[in-house]
Amino acid sequence: MHRFSASALLVAEILVAGTSPGLSQNSVYEGSTSALIDKSTLPIASEFREGRLRVNVNESAISPAATEVPLSLQPLVAPPSLALPDQKEQVQINELRPLTLEETLLLAEVNSPKLKAALSQVDQAKLSLRAKIAFWYPTVDFSAGGLPAYFKSYTFRNPDFLSEVSMASATNRLTGEVANPVNEPTNETYAREWRLNASLQVSWDIINPRRVPQIAAARDRYERARRSYLISLRDLRLETSIAYFNLQEADEGVRIGQTSVRASLISLRDARARFNAGVNTKLEVLEAETQLARDRSILASKLGDQNTARRSLASKVSLPQNITPTAATPGRPLGSWKASLQESISAAYAYREELDQLLLDISISNSEANASLAAIQPILSFVNTSNVNRREGQMGRRSIKEIDMDDYAWAFSNTTALTLTWRLFDGGHSHAEYSRFKRAAKQNAYQFARKRDDIRLEVEQSFFGLRTSIQNIQTTASEVLSSRESLLLSQLRVQAGVSTQREVVNNQRDLTNAELRYASAIRGYNTGLVQLGRRTGLDALLPCSGPDGLPSINPEDMQTLIPIEPMPFRSVCPTTPVSSGFAIPSFSVQEL
């Protein structure tokens, strides 16, 4: 008969020994009796965080945390973004792939479409900043009316209005003057020309009040996109870790359910044997059958939770459609948190990108306000315009044959000027926009104060929750050990004939519930650790130096292996077959 062992006391001593004094009850509010801090002496966030808000214009876009995976994980790379399965064979699961937490995080960083979209937004913001910086450079515009343009015309005039021209021609003949053939009266004229008109204009805004605030706003938006990418990356790691811990808990729940079913099968077998020998009643057999039904229900529920947790993790990691991940490692405490509460809060204030985002929002609103006010300020520009004109051909000829295409002319002109544009009155539009953006900046300042309080509350909740999880691990571990011993003793008492099957059933149920609560406590503790790390940015984990948890199996004399054969899932309607695509364990009591 197995008794308590030193190694089985596990987490109750391990976590207490590894826990920092910062988690102790007395040191949570250490220094709380000191004098109150003068609020007027607190630093202003925009002053000591200014260095974090600056960005090098020539700096390349942020690279993702991981860009490639090892050769062994190449089959798990996400399919193309626009791929969409259209056949059931394409979504049928044909591989269960065990993954560690590190492999899962690596795949999530490489495959996540959400992270790739955030990186694309960084690139867009950088290009937008580059477009705004281009306002410092001159613009060169080239325009041409024709390269070249062919002009051809025919003009007809009413002959009744040519009498004066005819009289002038007759006078010239009487005086002996030779009339110009071009001036001969005619009601038809022809024209044909090749024309080339080109213009080159260079403009540069020497003074443009709108330029500087627009570039400043674009720079802040670029930096804000960088912060958003970092937030997305950290949130992805947190969400993936939590999904992995949920899968570990689901796997442990399936193991506990299977162990409980095997124990119930043993109890039912023994109860039937004693009933057939005439040493107990039918009631004990019925109680054993009832407990077996309960354990079957628990196992079916945990199998469903396991399937859901696996697919949830596959969604976080964005795996191929025909692969389902499994947890390669069982759930165990990751370590202990060594930083105190005060250190964690201070680190969170310096680490959280959400505060930087709000400061950038304030800066963006101020820049937009200055740009709005610049609409009624003068703009001084330098403009140089060069024009070139050339034509070949003639106009106003009496016949198309008289036009000589060798007749040409060209001209060149250049104009240099300083131009001034100044909107003197716009009905108050600029001042209204200026006031609106200034109020938006003040709103962001209020949101900064609210976020500051929320960050502290989040850290405190995670810190206190972590301490509660430690207590839960200790109490549930002790409960599991006590329940195992109680179940063993009750089985021995029944075999000795001094107890009933009811005692075994009750102790078996208590053991199952205790083990499920212990698995939930481990999952809650690990989740609290990664949440605290995400909210503070600290790498303050001390790994456990001893056993990581309760033994994963019961004593050998309690763990008589009985195979649990799966069978297709049946419908609640006896006449309606169900094809669910998966199976749950079923047991034949009659074969015992």
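Annotations for the structure displayed:
- Odd one out for Gln74 among (1) open to solvent by 50 Å² or more (accessible area, probe 1.4 Å); (2) touching a residue at least 40 places away in the same chain (Cβ under 8 Å): (2)
- The lone criterion from (1) open to solvent by 50 Å² or more (accessible area, probe 1.4 Å); (2) within 20 Å of Glu354 (Cα to Cα) left unmet by Arg226 is number (1).
Residue-wise test of (1) modelled with pLDDT under 90; (2) of a type outside the set (A, V, I, L, M, F, W, C); (3) assigned to a loop (DSSP other than H, G, I, E, B).
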residue: Val69; (1), (2), (3): yes, no, yes
residue: Pro80; (1), (2), (3): yes, yes, yes
residue: Leu84; (1), (2), (3): yes, no, yes
residue: Ile93; (1), (2), (3): yes, no, yes
residue: Arg97; (1), (2), (3): yes, yes, no
residue: Leu107; (1), (2), (3): no, no, no
residue: Leu119; (1), (2), (3): no, no, no
residue: Ser128; (1), (2), (3): no, yes, no
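- Cβ-Cβ contacts under 9 Å between residues 6 or more apart (or on different chains), taken from a first residue in region 310-325 that is closer than 14 Å to Val110 by Cβ to a second residue that is in a helix (DSSP H, G or I) and of a type in the set (S, T, N, Q), are listed as Lys316/Thr104; Lys316/Thr240; Val317/Thr104; Val317/Asn111; Val317/Thr240; Ser318/Asn111; Leu319/Asn111.
- Residue match in region 254-267 (condition: farther than 17 Å from Asp510 by Cα and modelled with pLDDT of 90 or more): no
- Subset tally (residues that are open to solvent by less than 60 Å² (accessible area, probe 1.4 Å) and over 13 Å from the mean Cα position of the chain (by Cα)) for region 104-127: 6
- Qualifying residue in region 434-455 (condition: modelled with pLDDT of 90 or more, acidic (Asp, Glu) and within 30 Å of Ser336 (Cα to Cα)): yes
- Failed item in (1) open to solvent by 30 Å² or more (accessible area, probe 1.4 Å); (2) touching a residue at least 40 places away in the same chain (Cβ under 8 Å); (3) closer than 19 Å to Leu516 by Cβ, with Ala293 passing the rest: (2)
Each row is one residue, and each column tells you yes or no for (1) more than 30 Å from Ile242 (Cα to Cα); (2) in a helix (DSSP H, G or I); (3) of a type in the set (D, E, K, R).
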| position | (1), (2), (3) |
| --- | --- |
| Gln357 | no, yes, no |
| Asp361 | yes, yes, yes |
| Glu368 | yes, yes, yes |
| Ala411 | yes, no, no |
| Asn414 | yes, no, no |
| Arg436 | yes, yes, yes |
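- Among the conditions (1) assigned to a helix (DSSP H, G or I); (2) within 30 Å of Arg456 (Cβ to Cβ), Thr308 misses just one, which is (2).
- Qualifying residue in region 389-397 (condition: touching an Asp or Glu at 6+ places or on another chain (Cβ under 9 Å) and either in a helix (DSSP H, G or I) or of a type in the set (Val, Ile, Thr) (or both)): no
- Test result for Gly278, surrounded by fewer than 20 Cβ atoms within 10 Å (Cβ to Cβ), of a type in the set (Gly, Ala, Ser) and farther than 29 Å from Val530 by Cβ: yes
- Taken together, Val498, Val504 contain a single residue that is under 20 Å from Leu292 (Cα atoms) and either touching a residue at least 24 places away in the same chain (Cβ under 8 Å) or open to solvent by 70 Å² or more (accessible area, probe 1.4 Å) (or both), which is Val504.
- Set side by side, the residues Glu515, Glu433, Glu458 differ, and just one is of a type in the set (D, E, K, R), within 30 Å of Ala369 (Cα to Cα) and open to solvent by less than 60 Å² (accessible area, probe 1.4 Å), which is Glu433.
The values are calculated or read from the model by the stated rules, or taken from the named source; none is laboratory data. Source: prediction; values computed, not measured. Using ideal geometry, Cβ is built from the backbone for each residue, glycine included, and neighbour counts are taken over all protein chains shown. All accessible areas refer to the heavy atoms of the entire protein, side chains included, with ligands and DNA or RNA removed. Shrake-Rupley method; radii C 1.70, N 1.55, O 1.52, S 1.80 Å.
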